[in-house]
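The values are calculated or read from the model by the stated rules, or taken from the named source; none is laboratory data. Bear in mind the structure is a predicted one, so any value in this text is a computation, not a measurement. Counting neighbours? That spans all protein chains shown, and the Cβs are built from the backbone with ideal geometry, glycine included.
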Amino acid sequence: MNRYVVLQQLGDGTYGSVVLAQRRDSGEKVAIKRMKRKYYSWDEAMSLREVKSLKKLNHANIVKLREVIRENDTLYFVFEYMRGNLYQLIRDAERAFPEPVLRNIVYQVLQGLAHMHRHGFFHRDLKPENLLCAGPELVKIADLGLAREVRSRPPYTDYVSTRWYRAPEVLLHDTRYGAPIDLWALGCIMAELYTCRPLFPGNSEIDQLHKICAVLGTPERDDWPEGYALAEALRFRFPASAGVPLARVVPAASPPALALLAALMRYPPRDRPTAPQALRFPYFAVGAALVLPPPASRARRDDRRRQRRYACRLGS
């Protein structure tokens, strides 16, 4: 850790705290996550889900793990630094973002999810705070502490993700969920980007389900018998609701945006599009060209050039 100078605290969570730091040799800023639990061997540290997933996932829209350090039985993850997240971007917005900007954000998140799912992982905790950004131009998925391998066998733990972004099957304690929960969460985030407020801000799991039904309507038993079986096991009865047109809930969204939102928030998980399918929706074929992030190899070269320029300035 003596290679880094800590600049300031960025956050503190259940499993670890995060600081902004700077490399002494290059001046590169990084985010360092210090795990609260002790790790007494490298094997124990390397078995962590976050390490396993990030070591396998190299994509321009997934935050990069620079290195892992174990010092005095304390584990540190050194990540590339992104100066903000979508929560801050939404909170600080003085006016609604133009739809081409929002389309570009959603496109980048879907690209990252498609890569994750293709390589056998799903996130389980997608929310605006876990989508890091450098303004709206570059967005990266972060905080893979709850990520799961698709090939790992259920049952999974039922407590995943922040409540407002949880899929209905998770709220109903299904332990056999999968990658579709990430697409539901993205639908909630996409709506929030348009309105600058959470779509389903429930204060409990039951209230969350009621808020979902109030907007989307009561699910049809024939469409989602599994959901009704889960509800009956919990002695929960879906409230009777006709729902509200999404165009009224997200008035700034174009018809192609509303079509994608409706698809991402279908009750049966099997009916939601996969990330690659969502990327083929007409929403992404209209308006201004999408801003593609640089390939990972080019991004690394750019990082090295910036570091060399910084070192030259230090030496001059």
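With respect to D223, determine if the residue is at pLDDT 95 or above and within 24 Å of the chain's Cα centre (by Cα). Judged against the criteria, D223 is not a match. Taking the criterion of being closer than 16 Å to A252 by Cα and in contact (Cβ under 8 Å) with a residue 12 or more places away in the chain, the residues of segment 87-103 that qualify are I90, A93, A96, F97, E99, P100, V101, L102, R103.
Is it the case that some residue within segment 61-77 is within 27 Å of A253 (Cβ to Cβ) and surrounded by 18 or more Cβ atoms within 10 Å (Cβ to Cβ)? Yes. A Cβ distance below 7 Å, combined with a sequence gap of six or more or placement on separate chains, defines the contacts here; from segment 208-237, residues that are surrounded by fewer than 18 Cβ atoms within 10 Å (Cβ to Cβ) reach residues that are of a type in the set (S, T, Y) in the pairs A214/S241; G217/S241; T218/S241; R221/Y228; D223/Y267. When restricted to residues that are in a helix (DSSP H, G or I), over 18 Å from L186 (Cα atoms) and of a type in the set (S, T, Y), segment 69-108 contains 0.
No other residue among V250, V244 is in the same structural domain as L186 (by the TED database), among the β-branched types (V, I, T), surrounded by fewer than 16 Cβ atoms within 10 Å (Cβ to Cβ) and under 28 Å from R197 (Cβ atoms) apart from V244. Pull up segment 6-31, narrow it to residues that are over 14 Å from V78 (Cβ atoms) and more than 21 Å from the chain's Cα centre (by Cα), then point me to the one that is surrounded by the fewest Cβ atoms within 10 Å (Cβ to Cβ). Out of the qualifying residues, it is Q8. Considering segment 187-207, the residues that are surrounded by 20 or more Cβ atoms within 10 Å (Cβ to Cβ) and of a type in the set (A, V, I, L, M) include one that is nearest to A242 (Cα to Cα), namely L199. All of L264, L260, L234, L290 fail the test of being among the aliphatic types (A, V, I, L, M) and modelled with pLDDT under 95, apart from L290.
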